[in-house]
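**Q** Have a look at the structure that comes next, please.
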């Protein structure tokens, strides 16, 4: 594990990317999702996430995105995402204390949850987005040893 990226779990479970600069929150969300049967990968900021998405053959089924982060914040991540067709196919849910309305450009996200959040609501929204998504990102099946 690096300071910027958390390695994905293996298996054939739907993959959820968690982008949050707070390592404790990112880890808590990943633990929650993994406990519910999802595989996860984490990134500490939007740039780390974009690097992972560019290099990975395993696209997530859903991206959970904090808005207020250093380097590349959530608003900038969404703006960059709008120019990349393969990223626009992946549903994004914001999880942030910041408002998703106001003077900034539209985020074009599929869902939004305010921090602090209810774990059950998060699980329900992620499950619903994976069910509605035409792209079901999955981690590779584990190879027999």
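**Q** Residues to consider are 56, 96, 112; find the one that is surrounded by fewer than 17 Cβ atoms within 10 Å (Cβ to Cβ) and either modelled with pLDDT under 90 or under 19 Å from residue 34 (Cα atoms) (or both).
**A** 56
**Q** Next question. So residue 91 clears everything in (1) crowded, with 19+ Cβ neighbours inside 10 Å; (2) at pLDDT below 85; (3) over 13 Å from residue 21 (Cα atoms) except one condition, right? Which one?
**A** Residue 91 satisfies every listed condition except (2).
**Q** Cβ-Cβ distance below 6 Å, separation of 6 or more or different chains: which pairs start in the range 116-145 with a residue that is farther than 15 Å from residue 36 by Cα and end on one that is at pLDDT below 50?
**A** Qualifying pairs under 6 Å: 139/8; 139/10; 142/10.
**Q** Residue check, residue 71 against (1) at pLDDT below 90; (2) more than 20 Å from residue 129 (Cα to Cα), all met but one. Which one?
**A** (1)
**Q** Do you know which residues across the range 59-81 are surrounded by fewer than 19 Cβ atoms within 10 Å (Cβ to Cβ) and either under 11 Å from the mean Cα position of the chain (by Cα) or under 11 Å from residue 20 (Cβ atoms) (or both)?
**A** Within the range 59-81, 59, 68 qualify.
**Q** Being exposed (fewer than 14 other Cβ atoms within 10 Å of the Cβ) and modelled with pLDDT of 85 or more, is that true of even one residue in the range 8-15?
**A** no
**Q** Another question, if that's okay. Where in the range 7-98 are the strands (runs of 3 or more DSSP E), entirely inside, with at least 2 residues that are touching a helix residue (DSSP H, G or I) at 6+ places or on another chain (Cβ under 9 Å) and in contact (Cβ under 8 Å) with a residue 40 or more places away in the chain?
**A** 15-19, 62-65
The values are calculated or read from the model by the stated rules, or taken from the named source; none is laboratory data. What you see is a predicted model; the values in this text were computed from it and never measured. Quick reminder, even Gly has a Cβ in these numbers, built from the backbone with ideal geometry, and neighbours come from all protein chains shown.
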